[in-house]
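Since the structure comes first, as structure tokens, the remarks are kept for the end.
The values are calculated or read from the model by the stated rules, or taken from the named source; none is laboratory data. These figures come from a predicted structure and were not determined experimentally. Here the Cβ is made from the backbone with ideal geometry for all residues, glycine too, and neighbour counts use every protein chain on show. We work out accessible area using only protein heavy atoms, side chains counted, and drop any ligands, DNA or RNA first. Shrake-Rupley method; radii C 1.70, N 1.55, O 1.52, S 1.80 Å.
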Amino acid sequence: MEFLIYLVLGGFAGTLAGLFGVGGGMIIVPVLVYSFAAQGFSSEVLTHMAVGTSLATIAFTSINAIRAHHLKGAVRWPLFVWMTLGIILGSVAGALTAALLEGPLLQRIIGVFAICVAIQMAFELKPKAGREVPGKPGLAAAGGVIGWASAIFGIGGGSLTVPFLVWRSVPMQQAVATSSACGLPIAVSGAISFIWTGWQAQPLPEWSLGYIYLPALVGIAATSMLFAGFGARLAHRLSQRLLKRLFALLLLGVGINFLV
């Protein structure tokens with residue numbers, strides 16, 4: 001029964017990623033928190049496991065998106081390379097930061113972030129292009145901050161990377177494509193870090209690899225990769241504004257629930 005939930009969650013997350021261009025982590029983490037709680041996982045580890053497992057699934061699901069964007073020539077690879085240097089260090093630091101936080105506090109922090117993303121999506125708040133692309137040190141520093149935050153929230157960083165690149169005068173299509181590429185190093189380095197920080201954690205359930213729950217990883221990765229294309233096709237048929245506001249309402253409810 002639990003594995004069926006993960007398959008459905010993966011399909012839902014993949015569809016959302018295709019529809020909105022946001023990583024499925026924004027919905028995977030909350031649903032895993034609820035699922036792990038229902039399965040009786042300890043409150044001391046379940047939020048960390050939800051974050052770590054989400055990052056591990058993004059490592060698989062981001063590959064298809066990167067390939068599609070690359071074939072269109074939209075990825076700014078020089079930006080990706082220098083941001084990745086910071087992303088790797090930032091992701092490790094983010095996992096270490098999360099390990100220092102108690103589960104309930106980490107859950108509240110994720111709740112605040114979900115509410116912020118909900119407000120941004122509902123009102124379509126976007127930064128205006130105002131500055132040029134920074135130099136290599138600036139890109140690495142930005143990658144470090146994005147990697148750090150993404151590892152804490154269990155996301156691929158799209159809700160942070162895209163606004164940054166647009167603000168730095170990168171065209172939206174290239175910003176989305178480059179952000180998708182940056183999601184892979186965020187996910188890989190973050191997932192490895194959550195395996196390491198959770199290796200000796202107690203009490204972990206069976207089939208855990210550090211803070212990654214393997215049945216959830218397999219189920220979500222299997223279906224999310226299939227449904228991402230479906231979501232992208234669906235995006236051309238439905239009202240993006242209405243869908244974003246409905247998703248924002250969902251995130252708002254999740255965020256409030258995490259805070260109370």
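Among the numbered conditions (1) over 25 Å from residue 56 (Cα atoms); (2) open to solvent by less than 80 Å² (accessible area, probe 1.4 Å), the only one that residue 258 does not meet is (1). With respect to (1) surrounded by 18 or more Cβ atoms within 10 Å (Cβ to Cβ); (2) closer than 17 Å to residue 88 by Cβ; (3) of a type in the set (A, V, I, L, M), the lone exception for residue 176 is condition (2). Across the range 24-75, the number of residues qualifying as of a type in the set (Phe, Trp, Tyr) and free of Cβ contacts under 8 Å to residues at least 60 places away in the same chain comes to 1. Among the residues of the range 27-35, is there at least one that is open to solvent by 10 Å² or more (accessible area, probe 1.4 Å), touching a Pro at 6+ places or on another chain (Cβ under 6 Å) and not aliphatic (A, V, I, L, M)? Within the range 27-35, none of the residues are open to solvent by 10 Å² or more (accessible area, probe 1.4 Å), touching a Pro at 6+ places or on another chain (Cβ under 6 Å) and not aliphatic (A, V, I, L, M).
If I go through the range 99-136 residue by residue, how many of them are within 26 Å of residue 173 (Cβ to Cβ) and in contact with a Gly (Cβ under 9 Å, 6 or more places away or on another chain)? Spell out the reasoning first.
First, the residues of the range 99-136 that are within 26 Å of residue 173 (Cβ to Cβ): 113, 116-136.
Adding the requirement that they be in contact with a Gly (Cβ under 9 Å, 6 or more places away or on another chain) leaves 113, 116-118.
Of the residues in that region, 4 qualify.
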